[in-house]
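Heads up, the thing below is written out as structure tokens.
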Amino acid sequence: MLKQTEGSHAVAEAVGLCRPEVICAYPISPQTHIVEGLGEMVKAGEVTDCEFINVESEFAAMSVAIGSSATGARTYTATASQGILFMCEAVYNASGLGLPIVMTVANRAIGAPINIWNDHTDALSQRDSGWIQLFAETNQEALDLHILAFKLAEEVSLPVMVCMDGFILTHAYERVDVPTQEQVDAFLPPYEPRQVLDPTDPVSIGAMVGPEAFSEVRYLAHAKQMQALELIPKLAAQFKTIFGRDSGGLTHSYLTDDAETIVVAMGSILGTIKDVVDEMRQAGEKIGVLGIISYRPFPLEEVRNALQNAKRVVVLEKSLAVGIGGVVSTDVRMAMSGLQLEGHTVVAGLGGRAITMKSLHALFAKAVAGELERLTFLDLDWDVVNKQLERERTTRRSGPAAESMLRDVGVVAARIG
Amino acid sequence: MSFQPVHFYQTGTFTVGNRLLEASERSVQANIERTNSLNSGHRACQGCGEALGARYAIDAAMNAARGRLIAANATGCLEVFSTPYPETSWQIPWIHSLFGNTAAVATGIAAAIKVKKQKGQMGDVRVVAQGGDGGTTDIGFGCLSGMFERNDDVLYICYDNGGYMNTGVQRSSATPPAARTATTMPVGPEPGNQFGQGKFLPAIAMAHEIPYVATATVADLRDLEYKVTKAMGMRGARYIHILVPCPLGWGAASEDTILLARLAKETGIFPVFEAENGEITGNLKIRRKQPVEEYLKRQKRYAHLFGKKPAVATIARLQAAADKNIRKYGLLDQEAN
Amino acid sequence: MEKPFAITLDPGSSLANHTGSWRTSRPVYIDRLPPCNKQCPAGEDIQGWLFHAESGDYESAWRHLTKDNPFPAIMGRVCYHSCESVCNRGQIDEPVGINSVERFLGDEALKLGWKLTPPSSESGKNVLVVGAGPSGMSAAYHLRRLGHSVTVYEAGPLLGGMMRFGIPKYRLPRDILEAEMQRVVELGVKVNLNTKVDNILNTMADGKFDAAFLAVGAHIGKRARIPAGDAAKIVDAISLLRSMEGEEKPMLGRRVVVYGGGNTAIDVARTAKRMGAEPLIVYRRTRAAMPAHDFEMEEALQEGIMVKWLSTITQADESSLTIEKMALDETGFPQPTGEFETIEADSLVLALGQDVDLGLLEGVPGLEVKDGVVKVAPNMMTGHPGIFAGGDMVPAERNVTVGIGHGKQAARHIDAWLRGEEHVPAVQHEVANFEKLNTWYYADAPKTVRPMLDIIRRQSTFDEVQGGLDESTALFEARRCLSCGNCFECDNCYGVCPDNAVIKLGPGKRFQFNYDYCKGCGMCVAECPCGAIKMEAEEI
Ligand SMILES: Cc1cc2nc3c(=O)[nH]c(=O)nc-3n(C[C@H](O)[C@H](O)[C@H](O)COP(=O)(O)OP(=O)(O)OC[C@H]3O[C@@H](n4cnc5c(N)ncnc54)[C@H](O)[C@@H]3O)c2cc1C
Ligand SMILES: Cc1ncc(C[n+]2csc(CCOP(=O)(O)OP(=O)(O)O)c2C)c(N)n1
Ligand code: SF4
Ligand code: SF4
Ligand code: SF4
Ligand SMILES: [Mg+2]
């Protein structure tokens, strides 16, 4: 059924249709609307046979999820930013134990300085946690990916993070097609755990493993993600037969076949990039876009195939690996290894900084002209940066950097946490 | 009186069993068919109080739950010595997740059970969470308090050996004053653990007004089993704090484990009581009162209090603390009314 | 379940890890000798029969007891129960009332008609027992149970020896005595009453006996050299007490003076009191030095018996006695003071001890007599092969229980001797002294006091003074036993082992260590209430 609705609500409905059995909630912007929606649905009896638990922290949220998932319940939670760091130990644990929990990450920057707006630093900080990480481009895709995520998680017995851009998607009202319960049921069978805490067949889960078997255990985690790599396109195909639309998969390519310049990105920015690409194509530029949906497992093959005929690749990412540059870029470069391609990393949109079509036009033009540096910070205010560097060079007690710079910019800090 | 001992000579209910009692009056541990939930072959130290306490408590819980029990376990000695790959000593469904999240994991298990029960996919299964004092009073405190506050249907059992034993005997907030640990060495002007710090979690648990809070030791099996059984008969958040001497960490002889637990209770150092909905409803009286020295001198962690120049003032402070417990919890009969 | 590798494990798989290899010493179950057992002159396994009594299985208790001593009802009345004085429970509160439980069992057996176990086979050997006192009848019982044909020759008209002709009936009712004696006879012991043996060798030859056990007691009252007028009425205690059993009660008059400080003196005085006299005991030394048991003195005093301490009788006349006061010297020995007094007395009873009548032994080769008693080897055999002796006639403490013990030991040695073998008593276990116990585990339980007859009836009748326990009090008393040194299945070891290394074998079968897993922590040893486990160094 088509409806005009908020991204968060669309996701809540999708999760509700997946017949979750345990949901743990802890508030953090911009994820709040999702769990609020689910809470209401459970309380109102729209989602039945489900425990909605208001926990005391994200660490508890993931821990409760671990307990319920290990007891065979389909389990869901959502978080963002500081929340994912607070639960980090349990995030690793959930995947280490192979528990198919599904978690939405409403992507948001990580402090300090505290910032509630969107970028991908939070999810990417858990890059190596062992979770499958899927990035949604639109609200429709966010909705669909949750349905896919439960199926994928339960098939391979690994937890899945569905990442959607905070505010940009979560708070955007768009038209989405909400499937029927019958469709979801047809796609997603009841959860059949691989291991479960069951008094009639007792096992000990979570043993201490020493050097004699640890590498094997880790390798098996990797092997499972490799299985997921094969499974994800198959599930997308299945999805299409039931829901009638393309959703999921490992990557999206847009006009890449003959492209000399290919822009690689994840999440909602892909829409803006495509608009710019369309305009540049009309101007005769051979430019295309590669969107990555499955960041973990990372589809090296697909990415390589998509890029191999291009001349240059611009990875535009909403994250920064401080001290080296890109996060996604590193993986893309690995996919490109051996290919004679120019690679560029563009760090953009950190902490909610708007990425305008204008800036992108300029950026891509520069790339096409061969003038783009290897690492670029899009729309960086050099004045402010230089002033602060100067202050720090000359004054020992230069004061808190963020606050000083805000003064320079002349903005009063927003009071949202 | 929390636990009504059977005045039935010759040993009444002091011993584990008593062939003179009716089978129904005997302890779970006396049963030839007890579960041995924590089985032989575990790697606990000789005379480990925690291993003993865990079997006592979990067997009792298993008995009360008619074998339908799931346990969540915090990181710590109990976890490490019971489940090193490729062997586990647990005979029950058991999960170890992390050091500080056990109460929450148990909440999740309980939630799953509730739903599965509603759906008719599972009968009644009960949940216990267990951890050491560090995993309970320190790092796991947040999750524990959350579980209490939500009144989740979990029995949490803390095995208090007064320190982070698994990592080599460091101080926890349950380490008693003056005790030597690897991070409170017996050096400087105030040797051993500082006075005026630490917390007594049972009292904090009571402040949550949860249905049931109790303390116990491995020296009073019948009392311990009574409390676990009683707790298992209730729903909601329940907490039992069991004192489990650690021969290694306390510097005590391996055969003295039960003796030390008994002395902790008989001196008043460790009050044994129970509370319902935040109110104390019973206590285990001191039977043969002993001065704290009797308890302290058997442990090397207090060795710096004795020797050539005994730390009389420190011992007096510890005695005063024990006396305060006796007053506060009415541990001596004459003080009861 | 297809489990994830390494992280998820099968239940109880740690049994593959044999932690027993960590051990440097190992616990072993042992039986230690309880102090009561060690002390009992009759060699009773007190702890053993109490064990059955504790569970209310009185018949098993009685059967266990009578393996060593066939006379629990008698014991429960006249045994001086030295076992109780060494009972470990005495160091906690008061000793277990072993004697009172024993009496309860004895009385229960008589009430319910329990019979002693007859021999399972006959040996074909003939053994003579001379004297039907406790020692002789004990030997008869044990010999019979060993399958020998036993004949008792008794000079007197009834069974029981000094128990019948010495011990007054207010302490030992005669129906009880007779019943326990007859129960032995019923095993097929032949008894010839009123048959005094004058020459043992002749009797043995005539009766074709293969061996003999002599237990003729000590019946000749010792006399003191007291200058006496012709009319003075002086009798010895034994003759007096013996005459109490006859038709004609002795005439003693109102003021009866008893000379002596032993149990016999007290029995005489108390007997006189019951006959309406006003007895006075005269004793050379102080109360503390009296050989009589304190409880007997106490009971006598309660009944109104008077005592003159530190006094000797120097002259006896028709109706008076002259008494010299004594004083203790620095060594505590009484010395005459030269201070005299005269007291009125209708008769004087001498209770100064007894000698043995050794007439039947005259001319027996090899026999050795010293200080008026017959010497015996550790196997109770006299210097003459095949002739054994026990009880009051051999050098030992003179009481019923010692006599019974002699009878038992002699029977076992005779049995072996008849087969040309030597009976080697089992080596005694080490003693379970108080330090071996963990007394925390025993419930607080004060001793049960046996009821006493009210004082008026004690002063005027020969009714039994001390009552028995009833079922509930006897059970309570039995359960006060700490079971020193012997497992009583408290399950402590089974419970306290952190490694589940104790296997419970089931009721009555005790426990076993599982050395595959026992780490040797010693907790089971420390927490065994009764000291039935010990640690032994592991041989490495
Ligand atoms: C007044 C009194 C009170 C006592 N009270 C107690 C008491 O309370 N508790 C206690 O433990 N002890 C008591 N005793 C001591 C106890 O009675 C004796 O130690 C015990 O009876 C000795 O047993 P026995 O078998 O050696 O000899 P006895 O009991 O003396 O029996 C010997 C038997 O042999 C018979 N006999 C002797 N010569 C011959 C022969 N030639 N041929 C055939 N038969 C013969 C006798 O007639 C007699 O029946 C008391 C003694 C007395 C005198
Ligand atoms: C987050 C985290 N911090 C620290 C540790 C290290 N650690 C493991 S066990 C342990 C001590 C456990 O102490 P306690 O809970 O009292 O249990 P005990 O070993 O004394 O039984 C510590 C500090 C850990 N595993 N995880
Ligand atoms: S307590 Fe029992 S076994 Fe121990 S000495 Fe006393 S009667 Fe004998
Ligand atoms: S502890 Fe109890 S059961 Fe074990 S040997 Fe000792 S008495 Fe017997
Ligand atoms: S308690 Fe167990 S491990 Fe310790 S010595 Fe006894 S049997 Fe061995
Ligand atoms: Mg600890």
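Going from most exposed to least, what order do C:Met306, A:Met62 have by accessible area with a 1.4 Å probe?
C:Met306, A:Met62
Output the relative contact order of chain A, whole-number percent, from Cα pairs under 8 angstrom with separation of 6+ residues.
Answer for chain A is 15 percent.
For chain A, modelled as a GNM with alpha-carbon contacts under 10 angstrom, which of A:Thr356, A:Thr104, A:Thr394 fluctuates the most?
A:Thr394
Which of the peptides B:219-232, A:218-231 is most tightly packed, and how do the rest follow, going by the mean number of other Cβ atoms within 10 Å of each residue?
The most tightly packed comes first, giving B:219-232, A:218-231.
log10 I(q)/I(0), Debye, Cα-only chain C, no solvent, q = 0.06, 0.12 Å⁻¹?
Rounded to two decimals, the profile gives -0.38, -1.19.
Count the lysine pairs in the stretch A:2-243 whose Cα atoms sit under 19 Å apart, keeping only pairs 8 or more residues apart in sequence or on different chains.
For the stretch A:2-243, qualifying lysine pairs total 4.
What ranking do C:315-321, C:3-9 get when scored by the average of other Cβ atoms within 10 Å per residue, highest first?
In descending order of packing, they fall as C:3-9, C:315-321.
Classify the stretch C:127-207 as rounded, prolate or oblate, taking a ≥ b ≥ c as the square roots of the eigenvalues of its Cα gyration tensor: rounded when a/c is under 1.5, otherwise prolate if a/b is larger than b/c and oblate if not.
Because a/c hits 1.5 or more and a/b fails to exceed b/c, the stretch C:127-207 counts as oblate.
Of A:Glu212, A:Glu137, A:Glu21, which has the largest mean-square fluctuation in a 10 Å C-alpha GNM of chain A?
Among A:Glu212, A:Glu137, A:Glu21, the largest mean-square fluctuation in the Gaussian network model of chain A belongs to A:Glu212.
Do any trypsin sites (Lys or Arg not before Pro) in the stretch C:370-433 lie in a DSSP loop with no more than 15 other beta carbon atoms within 10 Å, and if so, which?
Those that pass, being in a loop and sparsely packed, are C:Lys375, C:Arg419.
Kindly state, to the nearest 0.05, the FRET efficiency for C:Leu328 paired with C:Gln459, given R0 = 25 Å and r defined as their beta-carbon distance.
0.20
Would you mind counting up the charge near C:Leu159? Only other residues with Cβ under 10 Å from its Cβ, with Lys and Arg at +1 and Asp and Glu at -1.
That works out to -2.
Need one word for the stretch B:58-147: rounded, prolate or oblate. Basis is the Cα gyration tensor (sqrt eigenvalues a ≥ b ≥ c); a/c below 1.5 gives rounded, then a/b vs b/c decides.
oblate
Apply the a/c threshold of 1.5 to the C-alpha gyration tensor of the stretch C:231-352 and tell me whether it is rounded, prolate or oblate.
In terms of gyration-tensor shape, oblate.
Compute the Kirkwood hydrodynamic radius of the protein assembly as shown, taking the inverse of the mean of 1/r over all pairs of distinct Cα atoms, and give it in Å to one decimal.
In the protein assembly as shown this quantity evaluates to 38.2 Å.
If the stretch C:48-203 were replaced by its equivalent ellipsoid, with semi-axes equal to the square roots of 5 times the Cα gyration tensor eigenvalues, what would those be, largest first, whole Å?
In descending order the semi-axes read 29, 18, 14 Å.
What's the local net charge at C:Glu178, with K and R +1, D and E -1, over the other residues with C-beta under 13 Å away?
The answer is 0.
Looking at the stretch A:286-417, what % of its DSSP beta bridges pair antiparallel, to the nearest 5?
That works out to approximately 10 percent antiparallel.
Using only the alpha-carbon atoms, what does chain A span along each of its principal axes? Please give whole angstrom values in decreasing order.
Projected onto its principal axes, the Cα set of chain A covers 67, 54, 54 Å.
Given contacts defined as C-alpha pairs under 8 Å and at least six residues apart, what's the relative contact order of the stretch C:231-352, whole-number percent?
Once divided by the residue count of the stretch C:231-352, the mean separation gives 33 percent.
Using a 10 Å cut-off around each Cβ of peptide C:500-511, what is the average number of partner chain Cβ atoms that fall inside?
Average neighbour count from other chains, rounded to a whole number: 2.
Helix-derived [θ] at 222 nm for chain B: sum -39500 (n - 2.57) over DSSP H runs of at least 4, divide by residue count, nearest 500?
Per the formula, -9500 deg cm²/dmol.
Calculate the mean, over all residues of peptide B:41-54, of how many other protein chain Cβ atoms lie within 10 angstrom of the residue's Cβ.
6
Given the stretch B:225-266 reduced to its alpha-carbon atoms as identical point scatterers, what log10 I(q)/I(0) does the Debye formula return at q = 0.17, 0.21 Å⁻¹?
-0.60, -0.72
Using just the helices of chain A, give the 222 nm mean residue ellipticity in deg cm²/dmol: DSSP H runs with n ≥ 4 each add -39,500 (n - 2.57), and the total is spread over all residues, rounded to 500.
-13000 deg cm²/dmol
Looking at the stretch A:248-364 only, what percent of DSSP beta bridges run antiparallel? Nearest 5 please.
The answer is about 25 percent antiparallel.
Bin width 10 Å, alpha-carbon pairs only: give the P(r) of chain B as whole percents, running from 0 to the bin holding the largest distance.
The distribution over chain B is 6, 26, 36, 24, 7, 1, 0, given as percents.
What does the average come to when, for each residue of peptide C:440-450, you count the partner chain Cβ atoms lying within 10 Å of its Cβ?
Going residue by residue through C:440-450 and averaging, the value is 4.
If you filter the stretch C:1-82 for GluC sites (Glu not before Pro), then keep DSSP loop positions with at most 11 other Cβ within 10 Å, what is left?
C:Glu2
Would you mind giving the three semi-axes, in whole Å and largest first, of the ellipsoid equivalent to the stretch A:251-377 according to its Cα gyration tensor?
That gives 18, 18, 14 Å for the three semi-axes.
Taking 8 Å as the Cα distance limit and 6 or more residues as the minimum spacing, I'd like the relative contact order of the stretch B:23-336 as a percentage.
16 percent
When only alpha-carbon atoms count, how far does the stretch B:158-237 stretch along each of its three principal axes, as whole angstroms with the largest first?
49, 26, 20
Return the calculated 222 nm mean residue ellipticity for chain C, to the nearest 500 deg cm²/dmol, obtained by summing -39500 (n - 2.57) across DSSP H runs with n ≥ 4 and dividing by the residue count.
-8000 deg cm²/dmol
May I ask for the net charge around A:Gly37, where only other residues with Cβ less than 15 Å from the Cβ of A:Gly37 are counted and Lys, Arg are +1 while Asp, Glu are -1?
Result for the neighbourhood of A:Gly37: -3.
Which residue fluctuates the most in chain A, going by a Gaussian network model with Cα springs under 10 Å, if the choices are A:His146, A:His344, A:His361?
A:His361
Round to the nearest 10 and give me the degree value, 0 to 90, for the angle of helix B:221-232's Cα axis relative to the longest principal axis of chain B.
Rounded to the nearest ten degrees, it is 40.
Considering only DSSP beta bridges with both partners in the protein assembly as shown, what is the antiparallel share in %, to the nearest 5?
Bridges in the protein assembly as shown that DSSP calls antiparallel: roughly 35 percent.
Just for the Cα atoms in the stretch A:108-197, what are the lengths along the principal axes, largest first, rounded to whole Å?
43, 36, 19
The values are calculated or read from the model by the stated rules, or taken from the named source; none is laboratory data. Model, not experiment: these values are computed from the prediction. Here Cβ is always computed from backbone atoms with ideal geometry, including for glycine, and neighbour counts include all displayed protein chains. Each accessible area value is taken on the protein alone, full model and side chains, heavy atoms only, with ligands, DNA and RNA left out. Shrake-Rupley method; radii C 1.70, N 1.55, O 1.52, S 1.80 Å.
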